[in-house]
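Have a look at the structure below before the remarks.
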Amino acid sequence: MDYLGLNFDHPKRVKAPDVIPVISPSWSPEWYYDPYLMPGRRMNVDKGWEIYPEAVYDIAIKMRDHYDNIPWFLSENGVGISGEDRYRDETG
């Protein structure tokens with residue numbers, strides 16, 4: 001691998017589930033966690049996403065400390081807002 005490209009839009013915070021999942025022939029990762037809403041979080045009201053700018057820094061530190069500091073880049077990120085077309089001009 002030459003580089004690792006990471007896509008990041010918003011954090012997904014989770015906690016241990018309130019109810020233990022029932023064993024079933026089908027499987028879903030969502031059975032093993034419940035959403036966690038961080039107190040005091042900033043929100044993008046148009047998307048319903050948490051805004052956490054420090055996340056990219058946190059990712060960089062994890063890549064350095066837990067993945068041998070492999071070469072990586074942020075290949076996609078965004079916020080997404082209602083009426084974002086109003087920011088377009090003739091160049092895009």
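The values are calculated or read from the model by the stated rules, or taken from the named source; none is laboratory data. Predicted model only: the values in this text are computed from it and were never measured. With ideal geometry, Cβ positions are generated from the backbone for all residues, glycine too; neighbour counts draw on all protein chains shown.
What to note about this one:
- Residue pairs meeting the criteria (Cβ under 9 Å; at least 6 apart or on separate chains; first exposed (fewer than 11 other Cβ atoms within 10 Å of the Cβ), in region 49-73; second assigned to a loop (DSSP other than H, G, I, E, B)): Pro71/Met1; Pro71/Asp2; Pro71/Tyr3; Phe73/Tyr3
- The residue pairs whose first member lies in region 22-39 and is more than 22 Å from Ile51 (Cα to Cα), whose second member is in a loop (DSSP other than H, G, I, E, B), and whose beta carbons are closer than 7 Å, counting only pairs six or more residues apart or on different chains, are Trp31/Pro21; Tyr32/Pro17; Tyr32/Pro21.
- Members of region 60-83 that are hydroxyl-bearing (Ser, Thr, Tyr) and at pLDDT below 90: Ser82
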